[in-house]
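Here's the structure we're looking at; comments come further down.
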Amino acid sequence: MIASKVKVLVKGQNRTRLINKLKNENILIYYLISDNNTTFWIKQKDLKQVKEYADLFSVELELVDTSGLENLLKKSYKHLSYIIAVVICLSFLIVSTQFVYNVKVECENDVHSNKVMLLLKENNFNKVVPKNKIDLKAVENLILSNIEEVSFATCYFEGFSLMVKVVSNETPKQSEDKKNLYSTTDAIVTRVMVRSGTSEVQVGERVRVGDILIGGYHIADNTPSDGEENGDILEVVADGEVYGRVYTHKRFVIPEQNYTYVKTGKSKIKRQIGFNNLAILKAGGSPYEFFELCKTNVKLFGILPLTITTYEFFELQRVEISQNTYIENLKNKFENEFIANMNMEAKLLAKNYEIKEIDGMKYLDIFYETEQRLDDGGYNY
C-alpha cells in the first residue's frame, strides 16, 4: 500500500503538551507550524492514536488535508468526467489505427495517378477498410495487371492512409507515330509557322475546335517518274505555331434594382472538427445575412485524419447603386477575370459593349477580340 500522510490543525491551550506527548510516543511529526493555531503532518496510520491523545489533553483536532493514494483518489474523482473522456478518446484512436480511411497515390504522371485511384475505388478501397484485410502485395499486382502504363508499384501503410507509389512506363518516342497539331478553339487564322510537318490551314481561314492545323507528314522533294504522285509522303511529328483571332461573347442580365456589397468591418470565426471526411463538431451557418467566407484547413498530428476547419465570415452590407455604376462594375470584373485567364502570348485586339432590351429585360453584351495561339502551346493530341 502506498504510504499516506494527513495534515491536522490543533486548537486549544494544551497544544504544546500534545506535541510533546507525540514525540515521547515516537509518533513522527512533519512540517510543524505553530502560530495562533498549530498545524503538522502525520502518517495516516497514526491518526487514530493522535485523536485519542487530543481528547486526553482536551484540544480540538481537525483534519485539513491528505496526501498519497487517498488524496490521489479524491482528486481523480473530482475530474472523473475528464478522465473518462480521455480514456474514451485514447481507446477510439487505438481502435482507429487498425483501419485505413483514405488512399493516396503518388505518381509523376497525373493521368496515370487518376487511373490508379479509379481502379482502387472500383475495388472498394475508397471505404473504411481494416488493415488486416488488405494484402499489400495483391494491391500491387492488381495495379500492374490492370494499368499497362505503370511499370512499378509499391504499397504501404502510413498512419490512417494506404500509400501507393507508382512509376510510369517511359513514353514512346513521338517520332515513331504520326502526330498532328489540332486547334483548341474556334478562330480565324492570322499566322502560321511550321517547323515540322505540313500546314493544313491558311491565313484568313476559319477553323473550329479539333481541326488539324499542322499535319504530321512531309512531302518529299523527289517526284516519281510515273507522275502519279507529287512526291513520297513521310510521316513526321508535327511542330509549329498557329495563331488566330478569337471572338469571345458574354451576356449579363441588368436587374431593375442594382446593388453592390461592401465589408462592414465585422467578422465571426467558427471552427469545425472533422475525422477523415466526417464532420464531428459542425461549425454551423453564417451569423450574417450577407457575407464573404474565408476557409482554411489544418491537419492535426501529421498522419491522423483529424482536421480543424476555420470559417471566417465577413459581414457585408448591401448598398443600392445606380444602373450605370452597376454596368461599369460588370465590365471591370469581366475584364479583370478575362485578362487573368489569358495566355501569356495572347493579345487583346478590341472590345465592344452593347446594351439591349429584349422582352422587357435589359442585357449587357460584351465582345472581346483577341489573337492567341491555337495549338495550345505546341502540345500534341
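Which members of segment 141-166 meet the condition of being touching a Phe, Trp or Tyr at 6+ places or on another chain (Cβ under 9 Å) and without any contact (Cβ under 8 Å) to a residue 24 or more places away in the chain?
L144
As a summary of the residue check, M1 satisfies the conditions (1) assigned to a loop (DSSP other than H, G, I, E, B); (2) at pLDDT 75 or above; (3) not hydroxyl-bearing (S, T, Y) except for the one numbered (2). Counting only residues that are open to solvent by 40 Å² or more (accessible area, probe 1.4 Å) and outside any helix (DSSP H, G or I), segment 138-160 holds 8 of them. Criterion applied to K250, K266 was being modelled with pLDDT under 95, open to solvent by 50 Å² or more (accessible area, probe 1.4 Å), part of a strand (DSSP E or B) and within 30 Å of N297 (Cα to Cα), and the one residue passing it is K266.
The rows are residues; the columns are (1) open to solvent by 30 Å² or more (accessible area, probe 1.4 Å); (2) not in a strand (DSSP E or B).
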residue	(1), (2)
T16	yes, yes
L28	yes, yes
I33	yes, no
F40	no, no
K48	yes, yes
E52	yes, yes
S58	yes, yes
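The requirement of being at pLDDT 90 or above, open to solvent by less than 60 Å² (accessible area, probe 1.4 Å) and part of a strand (DSSP E or B) is fulfilled nowhere in segment 122-137; no residue meets it.
Residues are listed down the side, and each one gets a yes or a no for (1) over 30 Å from C294 (Cα atoms); (2) in contact (Cβ under 8 Å) with a residue 40 or more places away in the chain; (3) surrounded by 14 or more Cβ atoms within 10 Å (Cβ to Cβ); (4) polar (S, T, N, Q):
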{"residue": "F314", "(1), (2), (3), (4)": "no, yes, yes, no"}
{"residue": "N352", "(1), (2), (3), (4)": "yes, no, no, yes"}
{"residue": "E371", "(1), (2), (3), (4)": "yes, yes, yes, no"}
{"residue": "L374", "(1), (2), (3), (4)": "yes, yes, yes, no"}
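If you check S161, S175 for being modelled with pLDDT under 90, over 19 Å from H218 (Cα atoms) and not hydrophobic (A, V, I, L, M, F, W, C), only one passes: S161.
For segment 4-14, what are the residues that are among the basic types (K, R) and either closer than 13 Å to T66 by Cβ or not in a strand (DSSP E or B) (or both)?
Within segment 4-14, K5, K7 meet the criteria.
Among residues of segment 90-108 being assigned to a helix (DSSP H, G or I) and open to solvent by 80 Å² or more (accessible area, probe 1.4 Å), the one that is modelled with the lowest pLDDT is F92.
Of the residues V201, V189, the single one that is in contact with a Gly (Cβ under 7 Å, 6 or more places away or on another chain), open to solvent by less than 80 Å² (accessible area, probe 1.4 Å) and at pLDDT 90 or above is V189.
The values are calculated or read from the model by the stated rules, or taken from the named source; none is laboratory data. Bear in mind that the values here come from a model prediction, so they are computed numbers and not experimental data. Neighbour counts are summed over all protein chains in view; Cβ atoms, including those assigned to glycine, are modelled from backbone coordinates with ideal geometry. We work out accessible area using only protein heavy atoms, side chains counted, and drop any ligands, DNA or RNA first. Shrake-Rupley method; radii C 1.70, N 1.55, O 1.52, S 1.80 Å.
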